[in-house]
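I have placed the structure first, in the form of structure tokens, so that the comments after it can refer back to it.
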Amino acid sequence: MRIKFLSIIASFFMVSFVITSCLDNDNDVNYSPDATIHAFELDTIGYGVNYKFTIDQISRLIYNVDSLPVNADTIINKILIKTLTTASGIVTMKDQSDQDSIININDSIDLLKYVNAPEEGKYLVLKVWAPDMQTQNEYRVSVRMHRMVPDSLSWGKEPIAANPAGITEQKQKIVTLGDNILLFTQNSDKVYSTTIPAGSPTDRLNYGQNWELKNATLPEGADVTSIIRFDEKLYLLANNKVYNSADGLMWAEDAVLTPSGATVSNLITSFSDNDGSNHKKINGIASIVEKNGQKYFSFAEKTENEWNITTGEEIVPAEFPVNNLSADVYATESGTLNAIVVGNTADGLDNDTATVVWASEDGKAWIPMEIPSNNNCPKLVDPSIIHYNDAFYICGKENKNDAKGFQKFYTSPTLLVWKGVDRMFMLPGILPPVKLEGGVTQYPYSEYSFKGKEVNYTMVVDRNHYIWMVGGKGIDKIWRGRVNKLGFLIQ
């Protein structure tokens with residue numbers, strides 16, 4: 001960086017003052033005492049992106065509200081200060097010999113050493129000189145940069161906890177209910193709970209290491225994989241009867257949700273009127289009922305005082321999933337709710353070579369989201385689906401000769417065209433890449449990785465955008481992960 005020394009500039013001002021005084025002693029020149037920075041801006045970062053800097057005039061702090069991308073360190077180590085506006089135009093900083101030297105904004109500057117200054121205690125200190133050359137103010141510049149790749153799903157180096165149910169081959173179900181996360185195991189009255197602390201996703205939240213055993217009274221024949229949440233209650237099926245619970249521990253039969261002359265064979269999902277995006281005000285539980293040997297879609301709408309049950313007339317297609325359903329409900333850009341569901345389908349179906357997502361706008365009519373394509377999601381066992389970070393993701397166990405067990409997440413922006421994810425959004429236990437000699441990149445695995453395993457599992461997303469995956473026998477651990485940027489504060 002080219003430096004002009006302060007003494008030269010100071011001499012220039014002194015000479016100017018003398019000349020002015022000699023020319024006319026009767027006209028005193030009063031120079032402004034304004035020693036503030038009026039505007040500060042760096043050159044663009046990356047693909048021409050401008051990051052706004054805020055000037056706190058009270059604390060004399062200059063900082064960027066939105067953090068720079070994690071790979072910007074190769075840019076800001078030699079960057080131009082595009083705008084630096086003061087009344088005098090004279091701003092100095094310490095040079096290598098600790099002397100005040102004029103900043104020339106036509107020369108690049110290395111800001112890398114001042115990244116994340118509040119944490120490192122290193123600030124770029126700028127001294128502003130007023131036109132009167134008597135008043136000075138010092139400003140500290142803090143350059144904020146993400147330490148993590150924003151769009152990367154981070155699970156950490158190891159599981160967050162052991163599976164509290166121990167080594168189990170039984171089906172499991174993890175759900176959120178209020179401030180708790182509950183873990184159920186098939187054929188067991190033991191329920192395990194951990195608390196979600198108060199706070200926002202941007203707080204430094206750390207939970208899930210400790211799980212408390214709760215004794216429950218699940219009904220005989222309870223299918224824990226059928227559990228869904230609606231209106232701060234959980235609902236499940238046991239011997240084709242519906243039961244509900246306010247805490248996941250004490251369960252009571254809910255005979256109202258069973259239409260007259262029918263039995264409930266599946267609970268699919270729920271639409272909640274408590275969701276601010278629910279502009280259509282759809283509020284209730286979507287299910288499948290069996291009547292006269294045929295299955296029909298049914299929707300139990302919850303009003304202020306009662307349930308209104310509507311059973312469709314069209315028979316449920318044979319291709320619709322029949323067990324271990326996984327569903328999610330998300331808000332569209334228009335502010336309405338859409339439901340999506342996947343699951344295991346009946347054996348022996350023709351052309352059953354893909355995992356097909358079924359979708360509904362009201363819980364009463366469901367359509368398959370598929371088109372003739374080579375980009376379908378492959379056939380998976382026990383598939384799970386989530387709408388997460390503005391995209392759809394499916395994972396499950398593959399059953400191909402060359403690929404058994406979990407292989408990867410599959411993603412789609414539209415539910416129609418799917419592709420496998422080979423970077424950024426990886427399964428738990430695939431550790432960060434390591435550079436080896438010769439430029440070879442290795443992807444190590446935790447011994448508790450899901451990759452290649454055929455274990456039973458369960459998955460849920462909590463209100464802080466954490467994805468929880470619990471593995472049964474063969475993993476016996478709980479992983480917790482989140483896309484990094486969903487924990488960043490963006491203003």
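Between Tyr31 and Lys78, take the C-beta separation as r, use R0 = 35 Å, and let me know the FRET efficiency to the nearest 0.05.
Here the calculated transfer efficiency is 0.50.
What do you get for the angle between helix 6-23 and the principal long axis of the chain? Use alpha-carbon atoms, 0 to 90 degrees, nearest ten.
The two axes meet at around 50 degrees.
For the chain, calculate the relative contact order in percent as a whole number, restricting contacts to Cα pairs under 8 Å that are 6 or more residues apart. Provide the component values of the computation, followed by the final result.
Numbers: 1119 pairs, mean separation 58.1, N = 491.
Relative CO of the chain lands at 12 percent.
Pulled fully out, how much extra length does the chain show between Met148 and Met424, if you take 0.36 nm times their separation in residues and subtract their Cα-Cα distance? Provide the component values of the computation, followed by the final result.
Details: separation 276, 0.36 × 276 = 99.36 nm, distance 1.13 nm.
Extra length available between Met148 and Met424 comes to 98.2 nm.
Treating cross-link reach as a plain straight distance, find the lysines whose alpha-carbon is under 19 Å from the alpha-carbon of Lys52, omitting any fewer than eight places away in the same chain.
Within reach: Lys78, Lys82, Lys485.
So what's segment 366-491 giving for Rg/Rh, alpha carbon basis, Kirkwood Rh from the mean inverse pair distance?
My calculation puts Rg/Rh at 0.98.
Under 17 Å Cα-Cα from Lys397, which aspartates and glutamates qualify once same-chain neighbours fewer than 8 residues away are excluded?
Glu169, Asp347, Asp352, Asp382, Asp422, Glu454, Asp476
In straight Cα distance, which aspartates and glutamates are under 18 Å from Lys364, not counting same-chain residues fewer than 8 positions off?
Asp273, Glu290, Glu301, Glu313, Glu314, Glu319, Asp328
Hey, can you rank 387-395, 38-46, 477-485 by average C-beta count inside 10 Å, highest first?
477-485, 387-395, 38-46
Express the accessible area of the chain per residue in Å², computed with a 1.4 Å probe while the remaining protein chains stay in the model.
52 Å²
Could you tell me how many cubic angstrom of Cα convex hull volume segment 244-305 has per residue?
Enclosed volume per residue, from the Cα hull, is 113 Å³.
Roughly to the nearest percent, how much of the accessible area of the chain is carbon and sulfur, given a 1.4 Å probe? Walk me through the numbers before you get to the answer.
Working: 12050 of 25460 Å².
Whole-percent figure for carbon plus sulfur exposure: 47.
Any chance you could list P(r) for segment 46-138, counting all Cα-Cα pairs in 10 angstrom bins from zero, rounded to whole %?
Binned Cα distances yield the sequence 13, 47, 33, 6, 0.
How do the peptides 339-352, 158-171 rank, highest first, by the average count of neighbouring beta carbon atoms within 10 Å per residue?
158-171, 339-352
Relative contact order of segment 333-491: what whole-number percent is it, with Cα pairs under 8 angstrom and at least 6 residues apart?
Relative contact order, segment 333-491: 14 percent.
Starting from the Kirkwood radius over alpha-carbon pairs of the chain, derive D by Stokes-Einstein at 25 °C in a medium of 0.890 mPa s and give it in µm² s⁻¹.
91 µm²/s
If packing is taken as the average number of other Cβ atoms within 10 Å across a peptide's residues, how do 397-410, 435-448, 236-249 rank, most packed first?
The densest-packed peptide leads the list: 236-249, 397-410, 435-448.
Quick one: of the DSSP bridges fully inside segment 37-142, what percent are antiparallel, nearest 5?
Here the antiparallel bridges make up roughly 90 percent for segment 37-142.
For the residue pair Asn351 and Ala318, what label-to-label distance in nm results when each label sits 7 Å from Cα along the Cα-to-beta-carbon direction?
So the two model labels end up 1.3 nm from each other.
Helix-only mean residue ellipticity at 222 nm, the chain, DSSP H runs n ≥ 4 weighted -39,500 (n - 2.57), per residue, nearest 500. What is it?
-1500 deg cm²/dmol
Structure shown: which of Lys419/Lys451; Lys233/Lys419; Lys451/Lys473; Lys214/Lys473 lie over 25 Å apart, alpha-carbon to alpha-carbon?
Lys233/Lys419
Say a paramagnetic label sat at a point 7 Å from the Cα of Asn389, along Cα to Cβ; which residues of segment 430-446 have their backbone N under 20 Å from it?
430-434, 443-446
The values are calculated or read from the model by the stated rules, or taken from the named source; none is laboratory data. Computed from a predicted structure; not experimentally measured. Because the Cβ atoms are built from the backbone with ideal geometry, glycine has one as well, and the counts that use them run over all protein chains shown. Surface areas here come from the heavy atoms of the whole protein model, side chains and all, with no ligands, DNA or RNA. Shrake-Rupley method; radii C 1.70, N 1.55, O 1.52, S 1.80 Å.
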